[in-house]
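Some notes on the structure that comes next.
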Amino acid sequence: MNPSAFHSGFVSIIGRPNVGKSTLLNQILQEKIAIISDKPQTTRNRILGVKHLPQAQIVFLDTPGIHKPKYKFNQRMVKAALGTLEEVDLVFFLVEATDAVSSVLPASPRGRYGPSAGGGDQFIMERLKELETPVFLILNKMDMIKREKTIPLVNDYMRQFKFAEVVPISALTGDNVDRLIEVAVGYLPEGEPFFPSDIVTDQPVRFMAAEIVREKILHHTREEIPYSVAVVIEEFEEEPERPVHIRALILVDRDSQKGILIGKKGEMLKTIGTEARLELEALLGTKVFLELWVRVQKDWRQDENVLKELGY
């Protein structure tokens with residue numbers, strides 16, 4: 001590596017649902033461009049984020065969690081995640097260390113037990129074996145576990161795949177994330193930046209508005225609502241010296257879900273709308289008038305036309 005040369009390249013962040021991929025991207029960029037929640041499958045699209053460094057530019061692709069898809073909608077999410085593997089110079093394979101350490105290997109002939117990679121991670125590693133791209137194993141949530149407990153876990157992963165680097169981090173606190181970036185730069189090719197220095201993401205504001213509304217729904221609802229809801233921005237009007245007017249349509253599968261989202265006397269929808277509006281005003285730097293409407297669209301996750309309209 002020539003230390004005086006400029007390096008640039010693409011990095012895919014992959015892993016099972018809810019292992020902290022979006023939290024890591026936001027931590028790297030020091031800016032929120034991907035919504036987060038404690039619900040699996042929060043990220044539904046490939047989200048691009050650009051990290052600008054004095055001698056490098058890293059373009060990250062945050063991806064939907066790789067899982068066994070039940071609907072056409074989920075099939076497209078997984079396809080989008082796996083599709084990024086062919087586009088990048090480096091792969092970050094994110095594993096939740098606390099979850100993996102809690103799993104136990106069957107007794108070996110010598111009677112030993114130890115933490116092991118689950119079936120979901122094994123499926124991902126089988127796909128990674130098809131690549132020539134270097135892959136980092138990134139152990140997340142290290143702030144919640146003693147490092148020595150991860151040694152058998154790392155050994156198990158390394159037996160199944162030859163990782164270029166193993167890096168323990170905490171995406172939430174930022175611990176060791178700077179070191180991760182420093183090491184990653186060494187694996188990127190020399191080249192000019194792909195994006196101007198003022199670009200952090202390629203996501204349009206309409207997309208980010210829809211995601212902010214969906215994030216508030218995830219935070220305030222339980223059971224089946226988070227997985228059966230979609231948000232469409234029908235209007236986004238900007239005029240000088242007037243609040244930005246945004247009309248968002250929330251799609252759900254069933255009438256009962258519509259009732260839950262609206263809430264008693266409309267209180268749930270009002271809470272979601274208020275929180276989303278405040279975050280949108282902070283993002284846009286101006287006043288926002290936000291309208292939320294809820295519509296039942298039965299089986300939208302299996303409807304090709306609706307999926308295309310939503311951009312999946």
Computed on Cα atoms, Rg of the stretch 136-250 relative to 2.2 N^0.38 Å comes out at 1.57
Total charge of the residues flanking Glu182 in space, meaning their Cβ is under 15 Å from its Cβ, with Lys and Arg +1 and Asp and Glu -1, is -1
Taking the Cα-to-Cβ direction at Ser4 and at His245 and moving 7 Å from each Cα, how far apart do the two end points lie in nm? 5.9 nm
Tell me, how many Å apart are the Cα centres for the stretch 216-266 and for the stretch 269-312? 4 Å
Contour minus Cα-Cα distance for Leu53 and Glu165 (0.36 nm per residue): 38.2 nm
Under a plain spin-label model, where a point goes 7 Å from the Cα along Cα-to-Cβ, how far apart in nm are Glu31 and Arg295? 3.3 nm
Label point distance in nm, Glu267-Ile181, each placed 7 Å from Cα along Cα→Cβ: 4.3 nm
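Rule-based calculations on the coordinates, nothing more; no lab input. None of the values given here were measured: they were computed from a predicted structure. No Cβ is skipped: glycine too gets one built from the backbone with ideal geometry, and neighbour counts run over all protein chains shown.
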